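Enquirer: The structure is given below, and queries will be raised subsequently.
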Amino acid sequence: MQQNRSFFILIVGIVFFLSLDINLSMASEKKFETFDPERVKTWSFFSDGVMGGVSSGKAILRNSGKDNFVRIEGNVSTENNGGFIQIRHNLIKPLEETIKGIRLKVRGNGENYYIFIRTSSTLLPWQFYNLEFPTSKKWSIVELEFKKFKRSSSFLRKIFKSSSIKSVGIVAYGRDHYAKVDVAEIDFF
């Protein structure tokens, strides 16, 4: 009888810890942004027009099958010292120190685009960290490690801490081109 009771307690304990592990792993898989119209975060669209450039575009929420996404589309021009269109989200609370990168589900017109990150150290409007990512006509997952991001100024630290991130931007940048990029999911890992 005692042996059966011990075995039962052992089985209940294993089931409890397995369910705890499943719940924790499910919590870590939650997406930062899925562009669900009911729960979309606040993203701001702007272009180099804020500083005299002539790039133009728009960002719109769309749906394709089961995917909600944001489409950033427009003409990027380097005239008048310009050269970008972007959407940006300001984080409400700091990320955990253990986060090492950002993951995107993207598709586009074959051009390369950027993630721009601003931190507590990027005080001037032209200071940021960035990393380029490719697109194709089919949805793909892109993982970008923070340690690979490039700083826009030698006055910034070479590597930033995830807890110092203040905003994340998706950007068409740096050259004359027609931009069209869709982003369906954003997650940190």
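Enquirer: Which condition from (1) under 17 Å from the mean Cα position of the chain (by Cα); (2) modelled with pLDDT under 95; (3) part of a helix (DSSP H, G or I) is the one that LYS147 breaks?
Expert: The failed condition is (2).
Enquirer: Mind listing whichever residues of the stretch 80-102 are open to solvent by 60 Å² or more (accessible area, probe 1.4 Å), of a type outside the set (Val, Ile, Thr) and touching a helix residue (DSSP H, G or I) at 6+ places or on another chain (Cβ under 9 Å)?
Expert: Result: ASN80, ASN81, PRO94, GLU96, GLU97, LYS100.
Enquirer: Take the conditions within 18 Å of PHE45 (Cβ to Cβ), under 18 Å from the mean Cα position of the chain (by Cα), modelled with pLDDT of 95 or more and of a type in the set (Phe, Trp, Tyr) and apply them to PHE128. Does it pass?
Expert: yes
Enquirer: Here's another thing I want to ask about it. For the stretch 122-139, does any single residue satisfy the condition of being of a type in the set (A, V, I, L, M), under 19 Å from SER55 (Cβ atoms) and in contact with a strand residue (DSSP E or B) (Cβ under 9 Å, 6 or more places away or on another chain)?
Expert: No; the residues of the stretch 122-139 include none that is of a type in the set (A, V, I, L, M), under 19 Å from SER55 (Cβ atoms) and in contact with a strand residue (DSSP E or B) (Cβ under 9 Å, 6 or more places away or on another chain).
Enquirer: Can you tell me which residue in the stretch 177-189 is farthest from LEU104 (Cα to Cα), limited to those that are touching a Gly at 6+ places or on another chain (Cβ under 8 Å) and open to solvent by 40 Å² or more (accessible area, probe 1.4 Å)?
Expert: It comes out as TYR178.
Enquirer: Same structure again: Scan the stretch 31-70 residue by residue and report those that are out of contact with any helix residue (DSSP H, G or I) (no Cβ under 8 Å at 6 or more places or on another chain), in a loop (DSSP other than H, G, I, E, B) and either over 24 Å from PHE189 (Cβ atoms) or open to solvent by 60 Å² or more (accessible area, probe 1.4 Å) (or both).
Expert: LYS31, PRO37, GLU38, ARG39, LYS41, THR42, GLY65, LYS66
Enquirer: When you go through LYS161, LYS166, LYS137, LYS105 one by one, which is the residue that is of a type in the set (D, E, K, R) and open to solvent by less than 60 Å² (accessible area, probe 1.4 Å)?
Expert: Answer to the check: LYS105.
Enquirer: Hey, another quick one. Check ILE141, ILE102, ILE115 and return the single one that is within 15 Å of PHE69 (Cβ to Cβ), aliphatic (A, V, I, L, M) and part of a strand (DSSP E or B).
Expert: Of ILE141, ILE102, ILE115, the one residue that is within 15 Å of PHE69 (Cβ to Cβ), aliphatic (A, V, I, L, M) and part of a strand (DSSP E or B) is ILE141.
The values are calculated or read from the model by the stated rules, or taken from the named source; none is laboratory data. What you see is a predicted model; the values in this text were computed from it and never measured. A quick note on method: Cβ atoms are made from the backbone with ideal geometry, for glycine too, and the neighbour counts reach across all protein chains shown. For accessibility, only protein heavy atoms count, side chains too; no ligands or nucleic acids. Shrake-Rupley method; radii C 1.70, N 1.55, O 1.52, S 1.80 Å.
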